[in-house]
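The values are calculated or read from the model by the stated rules, or taken from the named source; none is laboratory data. Please read all numbers here as calculations on a predicted model, not as lab measurements. Cβ sites come from the backbone with ideal geometry, for glycine too, and all protein chains shown count toward neighbours.
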Amino acid sequence: MEPKHLRDKFVELAKYPADVCVSIYLGGPGWQDGLPLKNALRDARRQMEQLGIVEVIDKILVPAVWLVNDAAFWRREPKGLALFLAPDCHALVELPYDPGNEVHVHTSFILAPLKPMISGEDEYFVLTLSKHRAQLYRGSGYNLQQVKIPGMPLGTDDVTQPGIEGYFQEVDRTLQAAGLATQPIPLLLAGVDYELRIFRDVTKYPNVIKAELSGNFDRVPLSELTTRAHEKMQDYFEAQWRDTVRNHLDKGTAPVTSFPQDVIRAAFEGRVAQLFLAKGTSLWGKYASAPAEPVIHTEEQPGDDCLTNQLVVQTILHGGQAYVEDREKMPAGGEMVAVLRYS
């Protein structure tokens, strides 16, 4: 699914009105002809029976059974899957990463694991380099697209100055002529270590980052390059934002809050610019709108919504960025911290 279409689906699912919403996440490999999905549907049925939701079980789950028996689909071995099932909604999303194995039955869809696909992450460039070719890509999140650069030399034999250093100098000049330096976008290099060192010595692009992808990428599939680039850039951007949050905390240059009630209200009102959540944070309860106060529980109670999920969803819906961090990497103490657009 294309990023734009996925975001449209995300918005549709986030606003879907239903009393029963089943969210299933599965990660590969080891699909065993659909056995993990068969087990997940059995788990969803068990949860619904425990909640006393019996009359709509078949209406919700049976339409997904066809996928269990689709042997051709499982032979493709997708990296990850997300299924969203409700009385009048059945959606399947293939993921380019492993989201883990989870089955949720709640009053809204659990969409936070889709965050890497639709959170509007910062843009970046990837430049794959070797003696034989140089290729520029432009990326955001898990979307990576080839950029055609007019006049890009085709290897060391395609330049007048002999040697790899002369070739990389010509690559750099070609990129600058195409306007690369006018865009303050970080550039991730990918290639053999000693060749990347040579390029770093000759490039005039000011935004080459320290992190890099090591190896020969001449024949690496785009899907693999995308996954590896995303992992590197996610670490880079999260570190940047952590530093930004700490700077706001130290200097008071933007409103920052770590109180759950304030963060929840701000997320629903579209005031959260950046949200950091500690992994494992789980809050339940209800929140409609101001002036009502959020009702928060540390354990799920009947009728509760997953507020942790809603924090991520509402932040993304309103154009903010959400990060889920290891607790030791949180920019401030506690389970969450939000940089606000305004108080």
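Looking for something surrounded by 19 or more Cβ atoms within 10 Å (Cβ to Cβ) and among the small types (G, A, S) - is there at least one such residue anywhere in region 275-297? The answer is yes; a qualifying residue exists. Among the residues that make up region 53-67, is at least one of them within 22 Å of T226 (Cα to Cα) and either surrounded by 12 or more Cβ atoms within 10 Å (Cβ to Cβ) or in contact (Cβ under 8 Å) with a residue 40 or more places away in the chain (or both)? No: zero hits. Close Cβ contacts (under 9 Å, 6 or more residues apart or on different chains) running from residues in region 128-155 that are within 16 Å of A178 (Cβ to Cβ) and not assigned by TED's automatic domain parsing to the domain that holds A177 to residues that are hydrophobic (A, V, I, L, M, F, W, C) and exposed (fewer than 15 other Cβ atoms within 10 Å of the Cβ) are absent.
Here is a check on your reading of the model: is R265 buried (at least 18 other Cβ atoms within 10 Å of the Cβ) and basic (K, R)? Against the criterion (buried (at least 18 other Cβ atoms within 10 Å of the Cβ) and basic (K, R)), R265 qualifies. Considering only region 117-127, state which residues are over 17 Å from T182 (Cα atoms) and either of a type in the set (A, V, I, L, M) or surrounded by fewer than 18 Cβ atoms within 10 Å (Cβ to Cβ) (or both). Matches in region 117-127: M117, I118, G120.
Can you tell me which of D33, D43 is more than 22 Å from Y142 (Cβ to Cβ), surrounded by 14 or more Cβ atoms within 10 Å (Cβ to Cβ) and in contact (Cβ under 8 Å) with a residue 60 or more places away in the chain?
The conditions single out D43.
Filtering region 268-311 to residues that are at pLDDT 90 or above, over 25 Å from the mean Cα position of the chain (by Cα) and on the phi > 0 side of the Ramachandran plot leaves only G285. Of a type in the set (V, I, T), over 30 Å from C21 (Cβ atoms) and either touching a residue at least 60 places away in the same chain (Cβ under 8 Å) or buried (at least 19 other Cβ atoms within 10 Å of the Cβ) (or both): does that describe V171? Criteria met by V171.
Table: residues versus (1) hydrophobic (A, V, I, L, M, F, W, C); (2) more than 30 Å from L41 (Cβ to Cβ).
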| residue | (1), (2) |
| --- | --- |
| L95 | yes, no |
| T107 | no, no |
| H132 | no, yes |
| Y137 | no, yes |
| K148 | no, yes |
| V159 | yes, yes |
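Taking the numbered list (1) part of a helix (DSSP H, G or I); (2) more than 24 Å from D122 (Cα to Cα); (3) in contact with a strand residue (DSSP E or B) (Cβ under 7 Å, 6 or more places away or on another chain) in turn, T281 passes all entries but (1).
Being among the basic types (K, R), surrounded by fewer than 21 Cβ atoms within 10 Å (Cβ to Cβ) and in contact with a strand residue (DSSP E or B) (Cβ under 9 Å, 6 or more places away or on another chain) is a condition met by at least one residue of region 70-84.
Scanning region 231-240 turns up no residue that is closer than 23 Å to S140 by Cβ, assigned to a loop (DSSP other than H, G, I, E, B) and outside the structural domain of V105 (by TED's automatic domain parsing).
Return yes when E300 is among the acidic types (D, E) and surrounded by fewer than 16 Cβ atoms within 10 Å (Cβ to Cβ) and no when it is not. Answer is yes for this residue.
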